[in-house]
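J.: Sharing a structure below in structure tokens format, with a few things to ask.
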Amino acid sequence: MNKISKFFKVATFTAAALSAIPAVAATVLTYGEPGPNRGARAGATKWFAQEVDKRSGGDLKIDIMWGGALFKSNASRESIAAGVVDMGTIIPDYFPKEMVSASLTNLPFENLDPWVGLKANYDHMQSPEVIHSLAEQNLAFVTSYMLSSVIILCKGDAVRSIDDIRNKKIRGVGTFGKIFGDLGANLVSMSIYKAYQGLGNGLLDCSQGYMNATIALKQHEAADSLTKLNWGIYTGLGMYINKKSLTKLSPSQRKVLDEVGADFINHIGQNVVKADNRAEQLLTQGINGHKLEIISLPPEDSAKLYLASQSHISKWENEANKSDLDGKAMVENYKALLTKYSQERDLKGYPWTR
């Protein structure tokens, strides 16, 4: 056998031997999402999964289960903690006692800037108190979502002042919903994902919502008006991971998850600003024949809403104290973070414009 034949024989054997070695399988994290596979939040979730895949070189992947396929919003905490999925979206207001530390940023503080709220919330969730509280539930925080400014959608008579809230059947959630009740609304317990039917069949007069989510959930089709309350934002919605699933990841995989989680804040902050502006434009112009009247609550009424919020912030402090947390200190720290990032925005602009 000549040298060339020997070379090809060895090369062929080597290639065959290498092909027989099994490829190392990527780690796949299952993700439970109660919302549909459309809209700004869905797009952001897919971006997160794609970035994790790309930055890990395919070593870590996220498989998203949409539309509450594995659990509904009010079962998300238990489902993720129990390992039904590795990761998922949790709305802390469904679990006021267990996730009191995470629900702070869903209170109506005087901030209407999505990016400022996201940055302040992200820092708050990295505090030792919050990390410890979540770890006791076999959970760990990954990153924050942003649902933008709170609005109210109505069928029939619109909300033009806070006096118009009285006696209306309103779907509300968290502290915002409780304050609607304080102002005389008849609160209806209903998921945001069922508000379309509620508005359509008369179970609801109005539903608490968020500008860009209105189109994603097609709720503009069942409503006549949208009122911008100019009253806080909802940032305490986030991605969480089962603590045991997290500890099974390699150091490099955990690093990727942390880095994408941090970058996600700027990504979704920019997207929410754009999506809200675009949604308002589309809803004003009309979508497939569905046109909403867009109303902005008068400043003096928004000020009254903030005033009504103070007692609920105090209640949150008391509930936090019952969970061995320093409620007052956490509130003051969060306010300081809002100020910090508002000043950074004013001085440097948004990160995507620098």
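The values are calculated or read from the model by the stated rules, or taken from the named source; none is laboratory data. The shown structure was predicted, so the numbers you read here are calculated from the model rather than taken from an experiment. As a convention, Cβ positions derive from the backbone with ideal geometry for all residues, glycine included, and neighbour counts pool all protein chains shown. Accessible surface areas use protein heavy atoms only, side chains included; no ligands, DNA or RNA. Shrake-Rupley method; radii C 1.70, N 1.55, O 1.52, S 1.80 Å.
J.: Can you tell me which residue among TYR234, TYR193 is touching a residue at least 12 places away in the same chain (Cβ under 8 Å), hydroxyl-bearing (Ser, Thr, Tyr) and open to solvent by 10 Å² or more (accessible area, probe 1.4 Å)?
T.: TYR193
J.: Further question on the same structure: Scan region 217-226 residue by residue and report those that are part of a strand (DSSP E or B) and crowded, with 24+ Cβ neighbours inside 10 Å.
T.: Passing the criteria: only LEU226.
J.: Restricting to region 342-354, give me the number of residues that are part of a helix (DSSP H, G or I) and open to solvent by less than 80 Å² (accessible area, probe 1.4 Å).
T.: Qualifying residue count for the region: 5.
J.: What pairs come out if I take residues in region 330-354 that are free of Cβ contacts under 8 Å to residues at least 24 places away in the same chain and pair them with residues that are part of a helix (DSSP H, G or I) whose C-beta lies under 7 Å away, six or more apart or interchain?
T.: Note: pairs meeting the criteria are ARG354/LYS348.
J.: Tell me, which strands (runs of 3 or more DSSP E) wholly within region 77-164 include 2 or more residues that are farther than 23 Å from PRO298 by Cα?
T.: The qualifying strands (runs of 3 or more DSSP E) are 87-90, 139-144.
J.: Next up: Does region 309-341 hold any residues that are closer than 28 Å to ASP182 by Cβ and open to solvent by less than 30 Å² (accessible area, probe 1.4 Å), and which are they?
T.: Selection gives SER309, HIS312, ILE313, TRP316, ALA320, LEU325, GLY327, MET330, VAL331, TYR334, LEU337, LEU338.
J.: Only one of these conditions is not met by VAL173: (1) in contact with a Lys or Arg (Cβ under 6 Å, 6 or more places away or on another chain); (2) under 28 Å from LYS218 (Cβ atoms); (3) of a type in the set (A, V, I, L, M, F, W, C); (4) open to solvent by 10 Å² or more (accessible area, probe 1.4 Å). Which number is it?
T.: (1)
J.: On to the next question. Return the pairs, sorted by first residue and then second, in which the second residue is of a type in the set (A, V, I, L, M, F, W, C) and outside any helix (DSSP H, G or I), the first residue lies in region 33-56 and is within 14 Å of ILE192 (Cβ to Cβ), the beta carbons are less than 7 Å apart, and the residues are 6+ apart or on different chains.
T.: GLU33/ILE64; GLU33/MET65; GLU33/TRP66; PRO36/TRP66
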